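The values are calculated or read from the model by the stated rules, or taken from the named source; none is laboratory data. Model, not experiment: these values are computed from the prediction. So basically every Cβ, Gly included, is an ideal-geometry build from the backbone, and we count neighbours across all protein chains shown.
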Amino acid sequence: MEEPTFQFFDDDCTEINPDLVHKPSLCISCKHDEDPSQEVLCILNRHDQQDEDNFQCGAYEPKVV
């Protein structure tokens with residue numbers, strides 16, 4: 001079964017390419033990184049804060065090693 005393909009658009013109806021949205025180091029250390037059920041929310045959160053100096057995420061949980 002194929003994974004669903006999502007299209008993302010900003011408030012101006014411009015398409016967002018998820019592959020071009022920067023992934024902060026906080027995301028890489030999060031347990032939600034690579035979780036398909038969180039992918040859409042994570043991409044939209046990162047895109048929304050793309051031009052901010054400090055990235056913040058209320059859903060962040062550190063990966064358990």
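Checking each residue in region 9-40 for being farther than 23 Å from Asp53 by Cβ and touching an Asp or Glu at 6+ places or on another chain (Cβ under 8 Å) picks out Phe9, Lys31, Pro36.
Taking each residue of region 1-27 that is of a type in the set (D, E, K, R) and looking for partners that are at pLDDT below 90 and assigned to a loop (DSSP other than H, G, I, E, B) with beta-carbon atoms closer than 8 Å, six or more apart or interchain, yields Glu15/Gln7.
Would you be able to say whether some residue in region 38-47 is of a type in the set (Lys, Arg) and assigned to a loop (DSSP other than H, G, I, E, B)? No. The residues of region 32-65 that are of a type outside the set (A, V, I, L, M, F, W, C) and exposed (fewer than 10 other Cβ atoms within 10 Å of the Cβ), listed by number, are Pro36, Ser37, Asp51, Glu52, Asp53, Asn54, Gly58, Pro62. Within region 14-58, the only residue that satisfies the criterion of being of a type outside the set (Phe, Trp, Tyr) and touching a Leu at 6+ places or on another chain (Cβ under 7 Å) is Cys57. Selection of region 33-60 for residues being closer than 19 Å to Thr14 by Cα and in contact (Cβ under 8 Å) with a residue 24 or more places away in the chain yields Val40, Ile43, Leu44, Arg46, His47, Gln50.
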